[in-house]
Amino acid sequence: MPFILTRTKSIPISYDPLYGIQGIRDQDVITVGIHNTGSTSSACVMRDGKVEFAAAEERFNRNKHWRYFPQLAMERGLAMLGCSVNQLDRVAIAWNPAINLAGRFRAGFSEWPAYPGARLYSNASQILTALHAKPSGGTEQRVELEGGRSITFDYVDHHLSHAAFSYLPSPFEEAAILIVDGYGERASTVFGVGRGPTIDILRRDNFPHSVGSFYSAVTQHLGFRPDQDEWKVMGAAAYGDPEPYRQAMKQLISLHDDGHFRLDLNLFDHFDFDSPSLLSVEGKALLGRSRVPEDEMEQRHFNIAAAAQERVEEVMFHLLKWLKQRTGLDAICLGGGVVMNSVFNGRTTLEGPFSRVHIPFAPDDSGNAIGAALVSAQRATATGKTLRAPVSPYLGPEYTDAEIEDLLRRYQIAGEKQKNPAKTGAQLIASGKTLGWFQGRMEFGQRALGNRSILADPRDPGMRDKINASVKYREQFRPFAPAVSEHSAHEYFEIPETAGSPFMERVFKVRTAKQAMIPAVVHADGSGRLQTVNSTMNPLFHALIEAFRAETGVPVVLNTSFNTSGEPIVQSPEDALRTFFTSGLNALILGNYLIEK
């Protein structure tokens, strides 16, 4: 039996959380990052301080928004590095339970553990609740194994994980940091500053006052799933008028001169975890009867969505203004689930108050697997070297042509090998066909960035309704993203000269003169959630867009995730084939192989 030694390290918020434990070997350190404290669990694998793999568990077990331990994702990542769980040095979990233990003493949890493993936290709870200084940054447990090896479990503050993933891979040497989500441990909103490899926390605003909870409550009231379908509300907002519900939103969430915001807790039940409703009876009365998911969207529902979206943007700009005044910096890194709101992201890029804005490819909780691993790996370096470096979103599995060919042979599916799949794909799209596009390493995050995508012709005004109805099987008001060659983005979109949107993370207006040219990707308010594509980050997808330009004169394609409603984005060639044959897709390019119906 292993001997267990638990070592707790509580890091004050003024402490540099990216340095710390010295003397740990600096080479061949294998770190796994884990997020499993909310929707869409994920795993990241790092070797020697480099992010080598990251993926959500849902892609492997095919259960959308899977929230439990990411066993399959972790095993796949380790296998890609040629190692197993037996070679792990560190496991970074993006939640610090010591912060929760150090609150109100709960005798039922601490006096007599329900099973022996609970002693890992039950005795600590007795002590932590009596401390004057509360745990903050991180907690460590080291388990000594037979044979002299040990494994360290590093519990990283939820919002520090967000901040690390947002700031450390950013291009800035110094930047303000704003993290806004539902909650993590106790906080819901965290303000910080990054300088070099250091992250300092300036302020924490605590749950139940939460921008994310506000937006989730409205999401639920409109008949959608909270913590999953908020982007449906964002999409619906373009069809609404905020005026009828503007005052109600100000009652739900108010702004204060000191840079804070407050929810009217009489109108919410989100802090009662036994209540099925996030709004109270009074809150529901304020907004009118809740929509049942099966009901059609009425105009009042679109108006509520528009008012909620407007209020979220007002609150976020309120927080940005405080942070700008506090720091005086011109660059900001954003993170947290609320930053999945690409309409706000586009506005703050255009309007400030920060002149430079960085948003990672997975600002939601799933990205915390990477953030926690970055923090833990940095702590483990003996030399104090910085692990700051850009991180590509293409971090998942990939499949060879030999594997694809073998699969097609086993299933007796005819596939024609292409010398130039990008040119073939462009020609298919230009001819009006909907195309499944499966290439290279799978993207990490909730958005398809050209490796697990469905592509179509943006010039066809009926294409959006066609894909929603016969391919994606989803609501007709949902928009699709334009993927545009980076050097042509300013020609088609009202985007700053120095800005891009490589992760499909920002919404900008489509230039009026171009809207009639690409109607399938123009939303009701004349906007598009664009992805700017270059030959460095994704050369094959860029080649397809350029081939489409050669065919049509338009450097834009419609890009949406390769999945149907209720399904995770495809991970494997088998997933791609199953989705292809059970949807209205016309063609599939699987690596270099073309399959048509």
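Structure values in brief
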item	result
Burial ordering of 37, 327, fewest other beta-carbon atoms within 10 Å first	37, 327
Gyration tensor verdict on the chain (Cα atoms; rounded if a/c is under 1.5, prolate if a/b is larger than b/c, oblate otherwise)	oblate
Helix-only CD estimate at 222 nm, as mean residue ellipticity for the chain, using -39500 (n - 2.57) per DSSP H run (n ≥ 4)	-8500 deg cm²/dmol
DSSP loop chymotrypsin sites (Phe, Trp or Tyr not before Pro) with at most 13 other Cβ within 10 Å excluded, longest remaining stretch of the chain	69-272
DSSP-loop GluC sites (Glu not before Pro) across region 125-166, with at most 15 other Cβ within 10 angstrom	146
Long-range HN-HN contacts of residue 280 with modeled amide H, under 5 Å	268, 269
Ranked 93, 545, criterion: other C-beta atoms within 10 Å, fewest first	93, 545
Theoretical FRET efficiency, 1/(1+(r/R0)^6), r = Cβ-Cβ of residue 597 and residue 525, R0 22 Å, to 0.05	0.05
Cβ-derived FRET efficiency at R0 56 Å, residue 62 paired with residue 256, nearest 0.05	0.80
Residues of type aspartates and glutamates that residue 423 reaches as a straight line, Cα spacing below 20 Å, ignoring anything fewer than 8 places off in the same chain	401, 457, 460, 486, 546, 551, 596
In region 287-374, trypsin sites (Lys or Arg not before Pro) in a DSSP loop with at most 11 other beta-carbon atoms within 10 Å	289
J(HN,Hα) series, region 232-240, from Karplus relation 6.51 cos²θ - 1.76 cosθ + 1.60, nearest Hz, glycine and proline x	5, 5, 4, x, 5, 4, 5, 9, x
Distant-in-sequence amide H partners of residue 187 (H built 1.01 Å from N, under 5 Å)	207
Aspartates and glutamates whose Cα lies under 15 Å from that of residue 284, excluding same-chain neighbours fewer than 8 positions away	264, 269
Distance (nanometres) between label positions extended 7 Å along Cα→Cβ at residue 28 and residue 515	6.2
Dipole in debye (nearest 20) - the chain, about Cα centre, beta carbon charges: Lys, Arg +1; Asp, Glu -1	240
Nearest-20 debye value, region 494-582 charge dipole, Cβ charges on Lys, Arg, Asp, Glu	240
Test item: Cα-centred dipole of region 94-244, Lys/Arg +1 and Asp/Glu -1 on Cβ, debye	500
Cβ-based charge dipole, region 170-356, positive-most Cα from 346, 207, 308	346
Inter-label distance for residue 420 and residue 225, nm, one decimal - labels placed 7 Å from Cα along Cα-to-Cβ	4.3
Under-5 Å amide H pairs with residue 527, H placed in peptide plane, nonlocal only	510
Furthest towards positive pole of dipole, 462, 182, 277, structure part the chain, Cβ charges	182
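Each value in this text was obtained by applying a stated rule to the coordinates, not by laboratory testing. This structure is a prediction, so every number in the text was calculated from the model and none was measured. Glycine gets a Cβ as well: all are built from the backbone with ideal geometry, and neighbour counts include every protein chain shown.
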